[in-house]
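Worksheet: one structure, shown below.
The values are calculated or read from the model by the stated rules, or taken from the named source; none is laboratory data. Note that this is a predicted model, so its numbers are computed, not measured. Reconstructed Cβ throughout: ideal geometry from the backbone, glycine too, with neighbour counts over all protein chains shown. Note: areas computed on protein heavy atoms with side chains; ligands, DNA, RNA excluded. Shrake-Rupley method; radii C 1.70, N 1.55, O 1.52, S 1.80 Å.
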Amino acid sequence: MLKVIDLDKSYNRQKQSLKAVSFTAKPGEVTAIIGPSGAGKTTILRSVNQLIKDDAGQILLDDEDIRQANKSDLRRIRHHIGMIFQNYNLIGPLTALENVLHGRLGAKSTFAGMLGLYSATEKNEAAKLLQDVGLADFALQRCDQLSGGQQQRVGIARALMQHPKMILCDEPIASLDPKSTKLVMDILRELAQSKQLIILINLHQLDIAQTYADHIVGINQGTIVFEGPERALTPEKLQAIYRQPETKAVTADAN
Amino acid sequence: MKTVKQAPISLPPKLSLLTRPRRILRTVLGGLTLITLYALLTLNTAGLKISSAMSSLGNNLNIMFLHPGVGQDTWSLLLRALVTSISLGLLTTILGALFAFFIAMGAARNLAPAWLANTIKAAMAFIRAIPTILWVLIYSVVMGLGASAAVVGLTFHSIAYLVKAYSESIEATPAETIEALKASGVRFWPIVFQAILPSIIPALLSWTFIRFEINFANAVAVGAAAGANDIGYYLFMASGFYFNFHEVGLIVYLLLAVAVVLEIISIQLRGHYLKQN
Ligand SMILES: Nc1ncnc2c1ncn2[C@@H]1O[C@H](COP(=O)(O)OP(=O)(O)O)[C@@H](O)[C@H]1O
Ligand SMILES: [Mg+2]
C-alpha cells in the first residue's frame, strides 16, 4: 500500500506546486492521477521515488517512509519501484533484451553491475517477459528501431524485471496511437490484478482514466480536489478538477 | 472565433542581402588581395633565374621520387625509426584515451553537474587551442628535449581532443534515459558501463582511431623538433642537414605506406561496427 500524507513542494518562492497532497494507492488496483496540465501530477509521481526532493510530508510504501531513507535504503526501495515514461527512456542503440535486463542492475553490486553479469535465470526471465508483452520476435532488435507502442512495452518489461511492488507511469500513453494505447493500458490493468501491483498512473486523457482506473485522484493547482472510485466522479467533481484559474466558464476538457 | 486582420509585412525601404558575416568575409578577402598584389610587385627576384630554378626543382623532385634511397643511414635504422614513430603515436593515443575516458565523464552534461562539465570543457578547449608541437616544446623546457617530452606533449593534446569527442558521444544518451535507470536504484558505474558505453563504443573507437592517425603524423613532426630519434628526426636531418634528397624521398614513401595502411584499417573497423549496429 502506498500512502502519501500532507506532501508539500515548491520549486521556487512564488508558487507552491503541491499543497498538503494526501492520497492512497492499493495493490491490485490501477490508481490514476488526473488533472489539467501543470496541476502537479508529474511532481507527485517523481516525489514518490524521490527523483524530486519535496519539502514536507510522508510517503509510506508498506509503512516505510521513503523520505527518511538513507542513500542505500533509497536505492533498495527504488529497485522495487518500476517507472515508465512518456518517452519510454530506453537505451536506443541496445536491444530490447538488453534494456529489459537493465531492470536487474539495481539488484547487483557495483562490480557485477559494471560487468553486466546476468545469470541464465535472469536472461530467461527477460525473454519470458518480452514474450508476455507480445515482443518475443523483437528481443534482439535495437530499441530505437521499434515503434512507440513496442518501446513502451519494452519499458513495462524492464519495470517488471525489477520485481516491483509498484509501477509509476508518467503519461505512458501520451505519445501513442489508440491501438497501442489500448494494448499498453490492458497490460497495466492485467498486471495490477495478476501480480497485485500498485499501479500509479498520471493521465491527462479523462476517458482512459475512466475506462481503466479503479481509483481516481483529481488534482487542481497542487491541491487534491477528489479521491474516490471512478463511479463517484460526478460532473461537479470533474468541473472542480479541470477548473482553470484565470478564465472562468471553461468546460472540462480532457486534453 | 474572431479573425484578426493582419497588417501586411512591411519591408525596410532598402533591403540589403549583405549580412554582417558576408561583409566581414568581403573585407578580409579584399585585404588579402591587396597584400598579395603588393607582395608580388615588390618581390626581390634578383639572382633568381626562373629557367634554371625550374630545372633544379625538376631535378630534385626526380631524385626524391624516382630515385629514393637510404642515403647515409641504413634500411634497418630507418625502419626502426619508423616503428618508433608508430609506437609514439600508439602509446600517446592509448594513454590519451585512458585519461580522456574518465575526464569525459566529468565533462558530459548528462552525467556531471553543469559547472563541472563547463569547467572541464573550457580547460580542454584551451589546451586544444595550442598546437601539439607547442606543448611538446613547452614540456621539453621542463623535461629536456627527447622522447619523454614528445610523449607527454602528444598525450596532453590527445587528452584534450578525446575528452571533447568522448564527452559528446556520451551526451548522445539523453539525461532522462540515465535518470530512468537511477530511478530503479542502479549505481553510477553500472549505468556507465552497461548502459552508456555499449551504445557508444563504435563512436569511441572511431574517434580514437582518428586520433591515432593524427598522433602518428604529429609524432613525425614532433620527432624532428624534440629529437626523439624517430623517422621525423631522420627526415629533418636528411632534408635540412645533409641535403640527401634520395633519403627524403624514401622516407616520404615510407610515411605514405603507413598512412595507406592506417586508412585501410580504419575503413575496415568502421565497416565492421556499422554491420554490427
Ligand atoms: N523543474 C521545475 N522548476 C520549476 N517549476 C516547476 C518545475 N517542474 C514543474 N514545475 C511547476 O510545478 C507545477 C506542476 O508541474 P507538473 O508537476 O509538471 O504538472 P503536470 O505534470 O500535472 O503537468 C507547474 O506549475 C510547473 O510550472
Ligand atoms: Mg506532467
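Conditions: (1) in contact (Cβ under 8 Å) with a residue 12 or more places away in the chain; (2) out of contact with any helix residue (DSSP H, G or I) (no Cβ under 7 Å at 6 or more places or on another chain). B:Arg128 meets all but one. Number of the miss?
(2)
Return the pairs, sorted by first residue and then second, in which the second residue is part of a strand (DSSP E or B) and within 12 Å of ligand 1 (Cβ to nearest atom), the first residue lies in region A:216-233 and is under 18 Å from A:Ile199 (Cα atoms) and touching a residue at least 40 places away in the same chain (Cβ under 8 Å), the beta carbons are less than 6 Å apart, and the residues are 6+ apart or on different chains.
The qualifying pairs are A:Val217/A:Ile33; A:Gly218/A:Ile34; A:Glu227/A:Val217.
Quick one: would you say A:Gly113 is more than 14 Å from every other protein chain (Cβ to nearest Cβ) and either buried (at least 16 other Cβ atoms within 10 Å of the Cβ) or within 15 Å of ligand 1 (Cβ to nearest atom) (or both)?
no
Restricting region A:42-51 to residues that are open to solvent by 20 Å² or more (accessible area, probe 1.4 Å) and over 11 Å from A:Arg78 (Cα atoms), which is nearest to ligand 1 (Cβ to nearest atom)?
This residue is A:Thr42.
Going through region B:80-92 one residue at a time, which ones are open to solvent by less than 80 Å² (accessible area, probe 1.4 Å) and of a type outside the set (Ser, Thr, Tyr)?
Listed by number, the residues that qualify are B:Ala81, B:Leu82, B:Ile86, B:Leu88, B:Gly89.
From the list B:Trp207, B:Trp135, B:Trp115, pick out the single residue that is more than 14 Å from chain A (Cβ to nearest Cβ) and surrounded by fewer than 16 Cβ atoms within 10 Å (Cβ to Cβ).
B:Trp115
Do you know which residues across region A:93-107 are within 7 Å of chain B (Cβ to nearest Cβ), open to solvent by less than 20 Å² (accessible area, probe 1.4 Å) and touching a residue at least 24 places away in the same chain (Cβ under 8 Å)?
Once the filter is applied, which keeps residues that are within 7 Å of chain B (Cβ to nearest Cβ), open to solvent by less than 20 Å² (accessible area, probe 1.4 Å) and touching a residue at least 24 places away in the same chain (Cβ under 8 Å), region A:93-107 yields A:Leu94, A:His102, A:Gly103, A:Gly106.
Please specify each residue of region A:153-192 satisfying the condition of being within 14 Å of another protein chain (Cβ to nearest Cβ), of a type outside the set (Asp, Glu), within 16 Å of ligand 2 (Cβ to nearest atom) and buried (at least 18 other Cβ atoms within 10 Å of the Cβ).
Listed by number, the residues that qualify are A:Leu168, A:Cys169, A:Pro172.
Return a yes/no flag: does region A:67-78 have any residue that is more than 14 Å from ligand 1 (Cβ to nearest atom), buried (at least 22 other Cβ atoms within 10 Å of the Cβ) and either closer than 30 Å to A:Gly134 by Cα or more than 9 Å from chain B (Cβ to nearest Cβ) (or both).
Within region A:67-78, one or more residues are more than 14 Å from ligand 1 (Cβ to nearest atom), buried (at least 22 other Cβ atoms within 10 Å of the Cβ) and either closer than 30 Å to A:Gly134 by Cα or more than 9 Å from chain B (Cβ to nearest Cβ) (or both).
Evaluate the following for A:Ala39: is it open to solvent by less than 10 Å² (accessible area, probe 1.4 Å), within 16 Å of ligand 1 (Cβ to nearest atom), more than 10 Å from chain B (Cβ to nearest Cβ) and over 13 Å from the mean Cα position of the chain (by Cα)?
So A:Ala39 fits the description; yes.
Residues to consider are B:Glu168, B:Glu176; find the one that is within 14 Å of another protein chain (Cβ to nearest Cβ), open to solvent by 30 Å² or more (accessible area, probe 1.4 Å) and acidic (Asp, Glu). Working first, answer last.
Values: B:Glu168 fails: within 14 Å of another protein chain (Cβ to nearest Cβ).
Step by step, each of B:Glu168, B:Glu176 is checked, and only B:Glu176 is within 14 Å of another protein chain (Cβ to nearest Cβ), open to solvent by 30 Å² or more (accessible area, probe 1.4 Å) and acidic (Asp, Glu).
What pairs come out if I take residues in region A:2-17 that are in the same structural domain as A:Lys53 (by TED's automatic domain parsing) and pair them with residues that are basic (Lys, Arg) and open to solvent by 40 Å² or more (accessible area, probe 1.4 Å) whose C-beta lies under 7 Å away, six or more apart or interchain?
Once the first residue is in the same structural domain as A:Lys53 (by TED's automatic domain parsing) and sits in region A:2-17, its partners that are basic (Lys, Arg) and open to solvent by 40 Å² or more (accessible area, probe 1.4 Å) give A:Asp8/A:Lys19.
Quick one: is B:Leu262 at pLDDT 85 or above and either under 22 Å from B:Val151 (Cβ atoms) or not polar (S, T, N, Q) (or both)? Walk me through how you get there before you give the answer.
Numbers: at pLDDT 85 or above: yes; either under 22 Å from B:Val151 (Cβ atoms) or not polar (S, T, N, Q) (or both): yes.
So B:Leu262 fits the description; yes.
In region A:193-212, what residues are within 21 Å of A:Ser47 (Cα to Cα) and either open to solvent by less than 10 Å² (accessible area, probe 1.4 Å) or at pLDDT 95 or above (or both)? Even if it seems obvious, please write down each step before you answer.
Taking region A:193-212 as the starting set, the residues that turn out to be within 21 Å of A:Ser47 (Cα to Cα) are A:197-204.
Selection gives A:Leu197, A:Ile198, A:Ile199, A:Leu200, A:Ile201, A:Asn202, A:Leu203.
What residue, of A:Ser47, A:Ser22, A:Ser10, is within 16 Å of ligand 2 (Cβ to nearest atom) and of a type in the set (Ser, Thr, Tyr)?
A:Ser47
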